[in-house]
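The structure appears right after this line, and notes come after that.
What follows draws every value from the coordinates through simple rules; no lab data is involved. Values in this document were obtained by computation on a predicted structure and should not be read as measured data. Glycine gets a Cβ as well: all are built from the backbone with ideal geometry, and neighbour counts include every protein chain shown.
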Amino acid sequence: MRLIFVGPPGSGKGTQAKRLAERRGVPHISTGDLLRDAVRRGTDVGKQAEEIMKAGKLVPDALVIRVMEDRFRSGDCEKGFILDGFPRTLGQAEALDRMLERVRMPIQVVVLFLVGDEAVLERITGRRSCPVCQTPYHTRFVPPRIPDRCDRDGAALVQRPDDSEEKVRVRLEKYREETEAVIPYYERRGLVRRIDGEVDPDRVFEALEKAVEESSPKS
């Protein structure tokens, strides 16, 4: 079970990736987590990435692929893995394929979570959190008992700057310009499975498990 999860910001792919990874006993791999871990451990790649991130720049694909290749060779990916949010561009997809060919772990399924822009905006712009205890809320889905106040300590809830409507629309546009180009690349190989990401999360998970099961190589 070697999977890639693709979808717009707020599509729920990260939540579903964690849930499926726990159910199937495979690692959930996030490039952001890998880079932060490399920085924390002070590896050669981590040191290079840290300088770039401190300067506010994007880590080059070559460095990301290097840290991912180290991860795939760590020994716990033999049963499979779930890649969450990577590749984001066609160039990354091509580089990833070359790297996975070296470690003999080709991708088997690419799951595309379908969520419309308005649903994404509602999900992300409604997020709030307590600056004191970090409890998460949502203005519609998980509202506090008193509007804009934390249930635990009464602190005024805050919205992350990246969760503003303006910032979310920019992220959606970048997704359409860059990440959606990855879909035809995998579709030509018959790897893409589309899932309705706007239904109840449990129904999304049921559809996800079905898609993975139907796509798994038969012995």
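Report, to the nearest 10°, how far helix 61-72 tilts away from the longest principal axis of the Cα atoms in the chain, using its own Cα long axis and a range of 0 to 90°.
80 degrees
Find how much the distance from Lys167 to Ile52 grows on full extension, using 0.36 nm per residue of separation minus their present alpha carbon separation; answer in nm with one decimal.
So the extension gain works out to 39.1 nm.
Multiply the residue separation of Arg188 and Arg41 by 0.36 nm, subtract the distance between their alpha-carbon atoms, and state the gained length in nm to one decimal.
Contour length minus Cα-Cα distance gives 49.0 nm.
With charges only on Cβ, +1 for K and R and -1 for D and E, what is the dipole size of the range 115-189 about its Cα centre, in debye, rounded to 20?
Here the range 115-189 has a charge dipole of around 260 debye.
Would you please give the FRET efficiency between Arg176 and Glu198, computed as 1/(1 + (r/R0)^6) with r the Cβ-Cβ distance and R0 = 22 Å, to the nearest 0.05?
0.80
What does the extension gain come out to for Asp117 and Glu101, with contour length at 0.36 nm per residue minus their alpha carbon separation?
2.3 nm
Report the normalised scattering of the chain as log10 I(q)/I(0) at q = 0.12, 0.14, 0.15, 0.16 Å⁻¹, calculated by the Debye formula with identical scatterers on the alpha carbons.
-0.74, -0.99, -1.12, -1.23
Treating the angle as unsigned and between 0 and 90°, give the value, to the nearest 10°, between the Cα long axis of helix 44-54 and the longest Cα principal axis of the chain.
Here the helix axis deviates by roughly 40 degrees.
Apply the a/c threshold of 1.5 to the C-alpha gyration tensor of the range 1-83 and tell me whether it is rounded, prolate or oblate.
Oblate shape, in that a/c is at least 1.5 and b/c is the bigger or equal ratio.
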